[in-house]
Structure formats: C-alpha cells, structure tokens
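Inspection log for the structure reproduced underneath, given as structure tokens.
The values are calculated or read from the model by the stated rules, or taken from the named source; none is laboratory data. Note that the structure is a prediction, hence the values are computed from the model and not measured. Cβ placement follows ideal geometry from the backbone for every residue including glycine, while neighbour counts extend to all protein chains displayed.
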Amino acid sequence: MQALKVAGCIPPLLYSQLFVHIPYPTSDFSGQTIIVTGSNTGLGKEAVRHLVRLGSKKVIMGVRTVSKGEAAAEDIINSCNVKSSIIEVWQLDMADSKSVQAFAERARGLERLDAAILNAGVQSMKWSTAGSYESHIAINTINTTLLSMLLLPKLQASARTTGQRGRLTTVGSDLMYFANLRELETEGNILKKLSDEAQSRSWIGQRYAQSKILLFWLIRELANRNPLTQDSDVLITVVTPGGCQSDLFRDDIGPVGKAVFKFISGCFNRTTEVGARTYVHAVSPELPVEAHGRFLMDAKIAANGMNVTSVQGRNLAKKWNEEMLEMLQREVDLDAGS
Ligand SMILES: NC(=O)c1ccc[n+]([C@@H]2O[C@H](COP(=O)([O-])OP(=O)(O)OC[C@H]3O[C@@H](n4cnc5c(N)ncnc54)[C@H](OP(=O)(O)O)[C@@H]3O)[C@@H](O)[C@H]2O)c1
C-alpha cells in the first residue's frame, strides 16, 4: 500500500515541480487586512511582499522573534515603496498555545480581518518537544488548527460586515500524499502515541509528512463543520507551495550538506517568490467556492490523495478528528470564557 501510494504520487509531483508555471498574482487586495504567520523569512515573507504590492491596507506579520520580523518588514516596505504603517509585526510562538491565544485575542481587536495564511512550520530529523507534544505535531498540526479555530469567528464577523468573503488557509505540504499512516494505528489515543518518544523516535523521518496529513484531516473537517452560509462566509483551505528553495531544512544539515542541498534544490525547487504565489491564490478574493475544504496545489484545487480517500485514511481521519477537535474546542471555549 505504501509503495503504491509513493509510486502513484511521484509522476504528478515531478510534473508539478518541473513544468507547471504559477501565474504572477494580480488580484486586488485594496482595503483588506491579512495575517501571515512565520513571515520573517522564506515563503511567508514573500507572501507578505506580494500582498503589500497588491494594495492590502494592512498586513500583520506573526513572528516568533519580533526583531527578525521588523527587519523583514523594513525590507518589504523598501522594495514595495509603501508607507511603513501598512505592516504590523506581532509576536507569535506557534510552539506555545498561550502565545497562540494571545495572538488571536489581539486579532479580535482589528477593525477587520479579511484573510489569514497560517504558514509557520518546522521540519526536522531530530526528536524534540513543544509543551507535551512532539514539535512537528505541536507546531504544524495542533497549534495551526487551534489558531484557525480562534481566528475563524473574527473572519466570519468581518465577512458579515464588509460583505466580502473571508479566506483562511493553512500551509500543508504535498508530502502529505506520501505520509506513512502505519504509526497512527492504535487502539488508544493517537496523540498520546505520537508524543511518546520511546515508541516514536524511530518514526521521526516520517513525522513532517504525518504532521501535514494530520493537519489536512483537521482543516477539512473544520470546513465541513463551517459550510459557506451568510453567517459563515469564509473559505477554508490547505495550500502547498510545492518544493521551494527556503531555509526549512536548516536544523538538519551542516555547511557541506547545506551547499549540496542548495545545489540540488536550485535544480528542482521553486524560488520562495514563486512558491508564495500559491499562497496569494489561496487567499485571493476570486478563490472559487469549490475550494472550501480542499487541498490547493499549483494555484488550483488538487486531488485529496489515497491518505484521504482510502479506508485506512478515512478511519484514521475520523478517529483523529474526534480526538483533536473535541480537545481543541475545549481550549477555544475556555478562551472565549476568559
Ligand atoms: N520549502 C518547501 O519546500 C515547502 C514545501 C511544502 C510546504 N512548506 C511549508 O511552508 C511553510 C513555510 O516554510 P518555509 O519553506 O518558508 O521555511 P522557513 O524559511 O524555515 O520558514 C518557516 C517559518 O516558520 C516560522 N516558525 C517556525 N517555528 C515557529 C514557531 N514556533 N512560532 C512561530 N513561527 C515559527 C519560522 O520562524 P523562525 O525564523 O523564527 O524560525 C519561519 O518564519 C511551512 O509550513 C512548511 O512546512 C514548505
């Protein structure tokens, strides 16, 4: 099953990397306020540059280190030749649910919120934890879903007042097509199993891909639970930028490895500017309603893949979503009551 899955995915992904042209974004974002997390560098930073260039009224950069965010903001302001007040840099640590809650609380004070790109993410071959959970699962999956749930009411309220449909996208990866699901099989709690270093350390090479399929399952279910209506006029999606020349693999390789990786990446991968075009598409005002709950790749709606459609994928998604959405909803309710 795993070999079949991998073999089936390689030709379309190679085609996407080598032959697909992602159109240069030209949508009009004037008057709009947009959040981009993990935007001090890489794809997030280039997405902010596009959004500023396309006339956004305000772009909030959610970053772990404010000084790095401010340096990135200055570079964008200078390159786009716009007023510095267009960009605000806000602190956000996606490894810490309290920081996620504080960030969402601050976002509730915005005059309007039209779109959000939840891009912050990690990739590593080393085992580490954030709070009680393994880091990929904590950052890429759990806190990205929590932030989506916390920002959704603000996006819904803004759409009602402005009459413009909101857009919420989280950044996944096409590696979700390859994720090996065998480790997720358990009679007990999936999250508990994934957080147990003794059981899970040997699976760390799979963890990034797993974190992205686990994210897709949750966000797809969030979209199902929030269908497009007058009260909830917000398109919810997961987007992949495709393979890009960023710093994502920074933790794993020394200087020689970095040079080799840079060379190989330069042959196959997109620049971050090109990859970020897919993010702009995912939050563009023209995104079609059919995109709701879907995976976006190459600035189009993409197939869900066997990890979503197979019996194994469907059963695991149901179990995972029940486990997680109940737990996260409790946090959202507590947050609303505080
Ligand atoms: N590059 C690719 O080929 C590729 C392919 C598919 C999907 N993606 C996805 O694209 C997204 C962006 O990655 P990238 O390629 O642009 O990598 P990157 O250059 O490493 O950027 C990652 C961003 O996430 C931030 N981040 C990481 N942990 C954080 C935390 N705990 N709190 C707040 N921010 C945090 C980083 O901040 P710091 O600088 O402070 O660490 C950085 O701004 C990720 O979700 C990644 O999984 C990338």
Discussion item. When you scan segment 97-114, do you find a residue that is assigned to a loop (DSSP other than H, G, I, E, B), within 12 Å of the ligand (Cβ to nearest atom), modelled with pLDDT of 95 or more and not polar (S, T, N, Q), even just one?
Written reply: no
Item to complete: Would you point out which residue out of ARG64, ARG112, ARG53 is crowded, with 16+ Cβ neighbours inside 10 Å and in contact with an Asp or Glu (Cβ under 8 Å, 6 or more places away or on another chain)?
Response: ARG64
Discussion item. Could you tell me how many of the residues in segment 229-270 are of a type outside the set (Ser, Thr, Tyr), more than 12 Å from the ligand (Cβ to nearest atom) and buried (at least 16 other Cβ atoms within 10 Å of the Cβ)?
Written reply: 4
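The rows are residues; the columns are (1) free of Cβ contacts under 8 Å to residues at least 40 places away in the same chain; (2) among the aromatic types (Phe, Trp, Tyr); (3) surrounded by 24 or more Cβ atoms within 10 Å (Cβ to Cβ); (4) within 18 Å of MET327 (Cβ to Cβ).
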residue	(1), (2), (3), (4)
SER173	no, no, yes, no
ASN180	no, no, no, no
ARG220	no, no, no, yes
ALA223	no, no, no, no
Item to complete: Looking only at segment 45-73, count how many residues are within 18 Å of THR272 (Cβ to Cβ) and outside any loop (DSSP other than H, G, I, E, B).
Response: 18
Discussion item. Report every pair of residues separated by at least 6 positions or lying on different chains whose Cβ atoms are under 7 Å apart, first residue within segment 30-44 and touching a residue at least 12 places away in the same chain (Cβ under 8 Å) and under 17 Å from ARG277 (Cβ atoms), second more than 10 Å from the ligand (Cβ to nearest atom) and among the charged types (D, E, K, R).
Written reply: ILE34/ASP114
Discussion item. Looking only at segment 124-144, count every residue that is away from the ligand (no atom under 13 Å from the Cβ) and hydroxyl-bearing (Ser, Thr, Tyr) and tell me the total.
Written reply: 1
Worksheet item: Among all residue pairs at least 6 apart or on different chains, which show Cβ distances below 6 Å where the first residue, located in segment 92-108, is at negative phi and the second is part of a helix (DSSP H, G or I) and aromatic (Phe, Trp, Tyr)?
Response: LEU92/PHE103
Item to complete: Go through (1) touching a residue at least 12 places away in the same chain (Cβ under 8 Å); (2) under 20 Å from PRO241 (Cβ atoms); (3) away from the ligand (no atom under 16 Å from the Cβ); (4) out of contact with any Ser or Thr (no Cβ under 9 Å at 6 or more places or on another chain) and name the single condition VAL82 misses.
Response: (2)
Discussion item. Of everything in segment 264-305, what is modelled with pLDDT of 95 or more, under 25 Å from LYS5 (Cα atoms) and part of a helix (DSSP H, G or I)? Give them in sequence order.
Written reply: GLY275, THR278, ALA291
